[in-house]
Amino acid sequence: PQAPFSLPAPRWPVECEVIQDTIQHIEWVPPNPEPFCPPMGPEQPMYTLGEDQGTIVYHSSPVLQGSSFTRARVGGAPGPLSSPAAPLEGPQDTTLLFESRFESGNLQKAIKVGPYEYVLMLRPDLYTAKHTQWFYFRVQNTRQDPLYRFTIANMAKPKSLYGQGLQPLLYSQQDAQSRGIGWRRVGTDIHYCRGSAGEPPLFRLSWTVRFPHDGDTCFFAACYPYTYSDLQRYLCALAADPARSRYCTVQKLCRSLAGNSVYLLTITSPGGTAGKRAVVVSARVHPGESGASWAMRGFLDFLLSAHADAQLLRRLFVFKVVPMLNPDGVVVGNSRCSLAGRDPNRAYGMALPGSFPGVWHLRAMVQRVLAEQEVVLYCDFHGHSRKNNVFMYGCDASGDSTGTRLHQRVFPLMLSKNAPDKFSFSSCKFQVQKSKERTGRVSMWRLGVSHSYTLEVAFSGSTLGGRRSHFSMEDLESLGRLLCDTLLDFCDPAPPKLQQCLVEADVLLQQQMGLEPGSGGSWSNVSPSELES
């Protein structure tokens, strides 16, 4: 029997101020797909006043003691909170009130440069000076009639899906309470272009929006937020469910630098693990890729359901699942790093359990499993900010046999057939680059997991199957179920599906090389980098 599941409050670095408000959002799926916004393109001039010509109306920047993490506590910084927002001068003052000092929040500064125009600055990942991409903040004192413009002036990446029709998300508290409407895509006149002339260059994301109500409390986010507390609530409900907890145990894989638990779920049918192969799945090594958590939730919901396929999967396999590898980064609202100030998905295989406990203990756990049973699949869920659709990165070594190299492509090809309106096989890549040697995907492959993948989920949505629309929460969760379907296809003892996909992958590779099928030409001596160039 499992011990009662406790719900400890998140632990924050002591430099971080945290407001006491409980931030929770209802879940809602729009009745119709939300189409991409016609992109304005970077070539059009974008007029926005600079910070020096405006008034700072919000400034929240943790005073970091030195350049590295030292200690954490529940609730963050002790003592009374500061007041980073400028006070209103009266009921006629239309200045927005900004706030981001809550779980997963990220906004460092807001400068009012016009009656309804604001320049915003994101907070870099803690203990770094870079990785500005994720945003999630609250605004109050809204007005319904004016057209507001927001410009985030310090985005880090030169290319973004905001230049291809991606819109920010808005959540209205009044709409949630009175109409049951949750997060929705908003924004017109969206630009993504180079801003500062300095080095490294910074980029600007700008959009206009009208708020749905006067005097509302609203939130903006880059993607549907999924916090550490959301995960804990999910695991609490799971532990309290007598049916699902029969075949799912929740353990602590380790503790993060701040002392937050990194959870490990073991899912299989009762009666032991003898003769079963293992499947390892992880998510949220990059905290700003929250769509990965929604896909993970869909995966767990299906795998723990009473569906006949889920029951079969539990009979066939032992699933080892780490749903949130970097809880500290998620708590503080980082985009990419942990509190070590570095990307944990470049730290696999390093002997640094004290600096990167999540990935170190995950790799050690996979090593232990491999000593006893085959790991048939490793899949690490991520989000992608520059390419539409869902796709995978795999591992193809040019020294391997033709059959092995084809096999690497079968699982993604099967997934593309199961999710034709979401998954793009042509976007998949299998090259093992030197810079990716310490990623989870390559590290697990080097350990001996023959099919090791990164699942990339676009921040935006799909351009496939007649779609040009954003992913909803429902779309993201469906990916988890589709991954389960594909696992059954991939491990089906009857070979027709596998053989069909091997033949199809071979034909696709020949076409990539410009060879006619049946011409006798071969791609087998061509390196992965040449195949993908």
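The values are calculated or read from the model by the stated rules, or taken from the named source; none is laboratory data. Computed from a prediction, not measured in an experiment: that's the story for all the values here. Cβ atoms come from the backbone with ideal geometry, glycine included; neighbour counts cover every protein chain shown. Each accessible area value is taken on the protein alone, full model and side chains, heavy atoms only, with ligands, DNA and RNA left out. Shrake-Rupley method; radii C 1.70, N 1.55, O 1.52, S 1.80 Å.
Numerical summary
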read-out: Restricting the stretch 141-152 to residues that are assigned to a strand (DSSP E or B) and within 19 Å of Ala85 (Cβ to Cβ), the residue that is nearest to the chain's Cα centre (by Cα); value: Ile152
read-out: Condition broken by Leu464, with the remaining ones in (1) of a type outside the set (Asp, Glu); (2) at pLDDT 90 or above; (3) part of a helix (DSSP H, G or I); (4) farther than 27 Å from Val366 by Cβ satisfied; value: (3)
read-out: Contacts under 6 angstrom Cβ, first residue in the stretch 289-312 being under 13 Å from Asp485 (Cα atoms), partner not in a helix (DSSP H, G or I), 6 or more apart; value: Leu303/Ile267
read-out: Odd one out for Gln140, checked against (1) closer than 16 Å to Arg204 by Cβ; (2) surrounded by fewer than 20 Cβ atoms within 10 Å (Cβ to Cβ); value: (1)
read-out: Filtered residues of the stretch 121-137 (kept if surrounded by 23 or more Cβ atoms within 10 Å (Cβ to Cβ), of a type in the set (A, V, I, L, M, F, W, C) and assigned to a strand (DSSP E or B)); value: Phe137
read-out: Qualifying residue in the stretch 370-391 (condition: open to solvent by 40 Å² or more (accessible area, probe 1.4 Å), closer than 27 Å to Ser256 by Cα and in contact (Cβ under 8 Å) with a residue 60 or more places away in the chain); value: yes
read-out: Residue pairs meeting the criteria (Cβ under 9 Å; at least 6 apart or on separate chains; first of a type in the set (A, V, I, L, M), in the stretch 142-164; second in a helix (DSSP H, G or I)); value: Ala153/Glu51; Met155/Tyr162
read-out: Any hit, the stretch 341-350, residues being hydroxyl-bearing (Ser, Thr, Tyr) and at pLDDT 95 or above; value: no
read-out: Residues satisfying the stated conditions in the stretch 414-436, i.e. touching a Leu at 6+ places or on another chain (Cβ under 8 Å) and not in a strand (DSSP E or B); value: Leu415, Asn418, Ala419, Pro420, Asp421, Lys422, Ser424, Phe425
read-out: Condition met for Arg468 (open to solvent by 10 Å² or more (accessible area, probe 1.4 Å), among the basic types (Lys, Arg) and under 21 Å from the mean Cα position of the chain (by Cα)); value: yes
read-out: Qualifying positions in the stretch 312-331 - open to solvent by 10 Å² or more (accessible area, probe 1.4 Å), in a helix (DSSP H, G or I) and either among the basic types (Lys, Arg) or in contact with a Phe, Trp or Tyr (Cβ under 9 Å, 6 or more places away or on another chain) (or both); value: Arg314, Arg315
read-out: Breaking point among (1) part of a strand (DSSP E or B); (2) within 30 Å of Leu483 (Cα to Cα); (3) open to solvent by less than 30 Å² (accessible area, probe 1.4 Å); (4) not basic (Lys, Arg), for Trp207; value: (2)
read-out: The one condition in (1) in a helix (DSSP H, G or I); (2) buried (at least 24 other Cβ atoms within 10 Å of the Cβ); (3) in contact with an Asp or Glu (Cβ under 8 Å, 6 or more places away or on another chain) that Asp475 fails to fulfil; value: (3)
read-out: Residues that are touching a Phe, Trp or Tyr at 6+ places or on another chain (Cβ under 9 Å) and not in a strand (DSSP E or B), drawn from the stretch 102-120; value: Phe102, Glu103, Ser104, Gly105, Leu107, Gln108, Tyr116
read-out: Test: residue in the stretch 221-242 that is crowded, with 20+ Cβ neighbours inside 10 Å, touching a Cys at 6+ places or on another chain (Cβ under 6 Å) and either over 25 Å from Glu103 (Cα atoms) or modelled with pLDDT of 95 or more (or both); value: no
read-out: Test: residue in the stretch 443-455 that is touching a residue at least 60 places away in the same chain (Cβ under 8 Å), touching a Leu at 6+ places or on another chain (Cβ under 9 Å), among the β-branched types (Val, Ile, Thr) and not in a helix (DSSP H, G or I); value: yes
read-out: Residue count for the stretch 4-38, restricted to those that are open to solvent by 60 Å² or more (accessible area, probe 1.4 Å) and either of a type in the set (Phe, Trp, Tyr) or farther than 30 Å from Gly187 by Cβ (or both); value: 5
read-out: Qualifying position, being touching a Cys at 6+ places or on another chain (Cβ under 8 Å) and of a type outside the set (Gly, Ala, Ser), among Leu483, Leu488; value: Leu483
read-out: Ser83 being open to solvent by less than 70 Å² (accessible area, probe 1.4 Å) and within 17 Å of Phe137 (Cβ to Cβ); value: no
read-out: Exclusive hit being touching a residue at least 40 places away in the same chain (Cβ under 8 Å) and assigned by the TED database to the domain that holds Asn141, set Ser178, Ser172; value: Ser172
